[in-house]
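The values are calculated or read from the model by the stated rules, or taken from the named source; none is laboratory data. These numbers were taken from a predicted model, which means no experiment stands behind them. All Cβ positions, even for glycine, are placed from backbone atoms using ideal geometry, and neighbour counts span all protein chains on display.
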Amino acid sequence: MALHYYILLVLLFKDLQQLLGVHLKVLDIPSPTTSGQSIELTCSYELDGDQLYSVKWYKNNTEFYRYLPNDWPPGQFLPLPGVRVDLSKSGEDKVYLNRISLESAGMYRCEVSAEAPSFQTVEASKQLEVTVFPTEGPRISGGRPEYVVGDIVNINCTSAKSRPEAKIRWYINNKPVEAEYITTFPTKLHGDGLKTSTAGLRFVVKDEHLWSENMKLRCTATVSRAVELSNEAVIFARQQHASGLRISNTLNQVGGKAAANTVQLSRLVFIELLVIVYYCSTVFSYVHPV
């Protein structure tokens, strides 16, 4: 029974020490952030009577910045790829990073240690995600300039490079396309760490797709809620019975009838002229007998 109370007192003492000693309040890592921006990482803590020994920052378990109030200078930077510390803006509870790049992404950890006699250390970690937006809209490929009802449309939409990969959506005449007509291909990872997405669209052209003899196909590439890029293809579509060949034949038939009518009219005029000549010849013979 005495041992039980002893263990309980030790645990209570540790909990009380944590409450009264150094403890973290807030670890603020602005994530996701856009490539090219500068950001401030904040590590807010309370000493509660202890003396500060050090504040250290790590990226993927590698130290890149430390603040020791008893050293000179107190703020020190340890070079690390993708991490550019601005010492003039960094201090005991924050570190300022310039020109964030894709290489800056990773797990960031703040570690706060107290002086003797407690030597208490507390820490917290958060992930930093870096967003790289595409520099241009998606590209539509594989289409034809003209379709007729009954044809099969089989086209692809490919996004520009980004991080994370873009989400592609298809629209026909501004209406979202159902998933059964869309094929999503594996994401392509490029050497620079950026990604491209490709989604195919396959369907049979129907009368309902005709919109003033045009069929508008549009795809969008979305990386975040703030940025959505799109590309649009306006394709001529028509029904089978509206072919130019039939119209041409109709015009030829009309031309043939007109030519036939002209020939018949010429024959009638020639016969009438013969009758007139015969009548005039008869009258002349009567007036001037031989």
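In the range 157-164, is there at least one residue being outside the structural domain of residue 49 (by TED's automatic domain parsing) and out of contact with any Leu (no Cβ under 9 Å at 6 or more places or on another chain)?
yes
Against the conditions (1) buried (at least 16 other Cβ atoms within 10 Å of the Cβ); (2) modelled with pLDDT under 95, where does residue 197 fall short? Just the number, please.
Failed condition: (2).
Of the residues in the range 29-44, how many are outside any loop (DSSP other than H, G, I, E, B) and either touching a residue at least 60 places away in the same chain (Cβ under 8 Å) or touching a Gly at 6+ places or on another chain (Cβ under 7 Å) (or both)?
Residues in the range 29-44 being outside any loop (DSSP other than H, G, I, E, B) and either touching a residue at least 60 places away in the same chain (Cβ under 8 Å) or touching a Gly at 6+ places or on another chain (Cβ under 7 Å) (or both): 5 in total.
Consider residue 49 carefully, then state whether it is within 35 Å of the chain's Cα centre (by Cα), more than 19 Å from residue 127 (Cβ to Cβ), exposed (fewer than 14 other Cβ atoms within 10 Å of the Cβ) and among the small types (Gly, Ala, Ser).
No; evaluated as a whole, the condition is false for this residue.
Of a type in the set (Gly, Ala, Ser), at pLDDT below 90 and surrounded by 13 or more Cβ atoms within 10 Å (Cβ to Cβ): does that describe residue 143?
For residue 143, the condition - of a type in the set (Gly, Ala, Ser), at pLDDT below 90 and surrounded by 13 or more Cβ atoms within 10 Å (Cβ to Cβ) - is met.
For the range 129-231, which strands (runs of 3 or more DSSP E) that fit wholly inside it have 1 or more residues that are in contact with a strand residue (DSSP E or B) (Cβ under 6 Å, 6 or more places away or on another chain) and within 30 Å of residue 107 (Cα to Cα)?
167-172, 198-204, 214-224
So that you can scan it fast, the table gives a plain yes or no per residue for (1) surrounded by fewer than 19 Cβ atoms within 10 Å (Cβ to Cβ); (2) of a type in the set (Lys, Arg):
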| position | (1), (2) |
| --- | --- |
| 102 | yes, no |
| 113 | yes, no |
| 123 | yes, no |
| 128 | no, no |
| 131 | no, no |
| 162 | no, no |
| 168 | no, no |
| 175 | yes, yes |
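Checking the conditions here, which among 19, 52 is in the same structural domain as residue 108 (by TED's automatic domain parsing) and at pLDDT below 55?
Only one candidate qualifies: 19.
Can we say residue 99 is assigned to a loop (DSSP other than H, G, I, E, B), not assigned by TED's automatic domain parsing to the domain that holds residue 158 and not hydroxyl-bearing (Ser, Thr, Tyr)?
Taking the combined requirement at face value, the residue satisfies it.
Would you pick out the residues in the range 149-204 that are among the basic types (Lys, Arg), under 17 Å from residue 137 (Cα atoms) and in contact (Cβ under 8 Å) with a residue 40 or more places away in the chain?
The answer is 163, 167, 169.
Surrounded by fewer than 16 Cβ atoms within 10 Å (Cβ to Cβ), under 26 Å from the mean Cα position of the chain (by Cα) and at pLDDT 90 or above - does that describe any residue in the range 69-89?
no
Condition test on residue 126, is it of a type in the set (D, E, K, R) and touching a Ser or Thr at 6+ places or on another chain (Cβ under 6 Å)?
No; evaluated as a whole, the condition is false for this residue.
Does at least one position in the range 108-121 carry a residue that is among the basic types (Lys, Arg), touching an Asp or Glu at 6+ places or on another chain (Cβ under 8 Å) and not assigned by TED's automatic domain parsing to the domain that holds residue 192?
So far as the range 108-121 goes, yes, one or more of its residues are among the basic types (Lys, Arg), touching an Asp or Glu at 6+ places or on another chain (Cβ under 8 Å) and not assigned by TED's automatic domain parsing to the domain that holds residue 192.
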